[in-house]
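Novice: Below is the structure I would like to discuss, written out as structure tokens.
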Amino acid sequence: MTNRLRVAFSAVLLVAGCDEGIVEPVAPYCEDDVRVEVVDGQVQRTQCGDGSFCNAGECVPTDVKFPDDAGFHDDRCEWWYYTGHVAGSDREFGFEVTIFQYDYEVFFGVPGVGYMCHVAVLDATAGVHFHNDAIGLSTNEWTNEPTVLDVDNCRFEMDGFGNDHIVGVIPEGMEKNGLASPWVIDLIVTPKKRATLHGGDGFIPMADTGGTSYYYSYTRMAAEGTISTPDGDVEVTGQAWMDHQWGQFDMVDFKGWDWWSIQLDDNREIMLFQFTDWDGVLCEQAGTIIEADGTATELHGFDDFHITPKRTWTSPWTNGVYPLDWDITIAKGDWNLQVLTHVDDQEMFNIAQNYWEGATTITGTNGGLPVTGVGYTELTGYAKDDLDPVR
């Protein structure tokens, strides 16, 4: 029985058994954004209201608002990230579709706003990664009412609450490694639980340079649609993860950013990230554990978790040396996890930011009990970029 079910069951016992003298202590808990507590044998429900959300039995203030903040902002940097695992017709795929909006002057010294579109498909059955990227100063469509973000070969149609239509295309002849194409990712994603606000209230530091970011994720989404391959269309279903970040930071503020998303088969998720400064020193580390009912537990600091890579892979495209396969320990809850890479070559090399974005498999234990799942990992700062600042 999960903690949420225990609490709810205890509340039922208390209310149903008041006249019989059966009283069990019940900690406050959340039903969506309603705070529920039992006072003198009576259940009291309080709507958290605008500017706050309910987590772990408390109304927590936040500046993140839905549906308004699903769209774009007037900030130095912003991105929308969809990754996931889908399958159909005895084939399995991983996917990534990403749109970036950023301060163009940071990279090129010319005032303006720039955009990037990154698309990747992992044919997990064949063990081959396909990808494409584009960078430019214009969009095909860019509106907040309704929210439609369309850049080059990436298009997101968003309702503001995670019910989104995502399309990513690798055009024929445009696969970066010269592999077979075209590919089309065309999926409807639907959240299975509410958005998680990272940092406790949806606000996190970006390394140790003073930059900050708003950050939320839909950590478990149903995904359904089509993966169009060079050999034909495959109808697929599966699950996805969506990240949205925006704020007063630049991608050149730090050398490296490592990120892990973990979707466990028991309907829990974990997000972890860490930053490396330009001296190669790990300078910031944080994350979130998300329970089956959406309750989020914040992790922060070098004592809360430890990540140890088990091996490395050298890219034939950039000569970058990436750590792969990790042992992860998290003190809160006694987690011991192993993250294994599906395919070594899942690098996304491009002029602005070379990085590795790869599908993974999760095994391990939580409190001594076995857990399994899937995930995605992102690694930056391991290959030199053409637009790295001179330091």
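Novice: Counting only residues 5 or more places away or on other chains, whose amide H sits under 5 Å from the amide H of Val60 once H atoms are built in the peptide plane?
Specialist: Phe53, Cys54, Asn55
Novice: Now for a separate question. What do you get for Rg/Rh over region 171-286 if you use C-alpha atoms and the Kirkwood form of Rh?
Specialist: 1.06
Novice: While we're looking at this one, here's another question. Which log10 I(q)/I(0) values, to two decimals, does region 164-204 give at q = 0.19, 0.27 Å⁻¹ under the Debye formula with one point per Cα?
Specialist: So the normalised log intensities are -0.69, -0.89.
Novice: Still on this structure: What are the lysines whose alpha-carbon lies under 25 Å from the alpha-carbon of Lys176, with same-chain residues fewer than 8 places away excluded?
Specialist: In chain and number order, the partners are Lys255, Lys384.
Novice: Just the Cα atoms of region 130-222: what Rg and Dmax do they give in Å?
Specialist: Gyration radius and largest Cα-Cα distance of region 130-222: 16.3, 44 Å.
Novice: Now a separate question. Amide H to amide H under 5 Å from Gly364: which residues, 5+ apart in sequence or cross-chain, H placed 1.01 Å off N in plane?
Specialist: Under 5 Å from the amide H of Gly364 lie the amide H atoms of Gln338, Val371, each far enough along the sequence or on another chain.
Novice: For region 372-380, in order, what is each residue's ³J(HN,Hα) by Karplus, 6.51 cos²θ - 1.76 cosθ + 1.60 with θ = phi - 60°, in whole Hz (x at glycine and Pro)?
Specialist: Values, residue by residue: 9, x, 10, x, 9, 10, 10, 10, 10 Hz.
Novice: Still on this structure: Go through Cys30, Thr125, Thr365 and say which Cα lies farthest out towards the positive end of the charge dipole of the chain; charges sit on Cβ, +1 for Lys and Arg, -1 for Asp and Glu.
Specialist: Most positive-ward Cα: Thr365.
Novice: Going by the alpha-carbon gyration tensor, a ≥ b ≥ c the square roots of its eigenvalues, is region 255-323 rounded (a/c under 1.5) or, if a/c is not under 1.5, prolate (a/b greater than b/c) versus oblate?
Specialist: Values: a/c = 2.92, a/b = 1.64, b/c = 1.78.
It comes out oblate by the Cα gyration axes.
Novice: A further question follows. Scan region 49-147 for trypsin sites (Lys or Arg not before Pro) in coil per DSSP, keeping those whose Cβ has at most 15 other Cβ atoms within 10 Å, and list them by number. Write down the numbers at each step before the final one.
Specialist: Values: sites: Lys65, Arg76, Arg91; in loops: Lys65, Arg76.
Of the trypsin sites (Lys or Arg not before Pro), the ones in loops of region 49-147 whose Cβ has at most 15 other Cβ atoms within 10 Å are Lys65.
Novice: Calculate how steeply helix 3-16 sits against the longest principal axis of the alpha-carbon atoms of the chain, using the helix alpha-carbon long axis, and give the answer as 0 to 90 degrees to the nearest 10.
Specialist: Here the helix axis deviates by roughly 30 degrees.
Novice: Show me 100-112, 209-221 ranked by packing, highest mean number of other Cβ atoms within 10 Å first.
Specialist: 209-221, 100-112
Novice: While we're looking at this one, here's another question. Met348's amide H: which non-local residues (gap 5+, or another chain) put their own amide H closer than 5 Å, with H modeled 1.01 Å from N in plane and none for Pro or chain starts?
Specialist: Counting only residues 5 or more places away or on other chains, the set is Tyr355, Trp356, Glu357.
Just so you know, all these numbers are worked out from the coordinates, no wet-lab data involved. What you see is a predicted model; the values in this text were computed from it and never measured. Note that each Cβ is placed from the backbone with ideal geometry, even for glycine, and that neighbours are counted across all protein chains shown.
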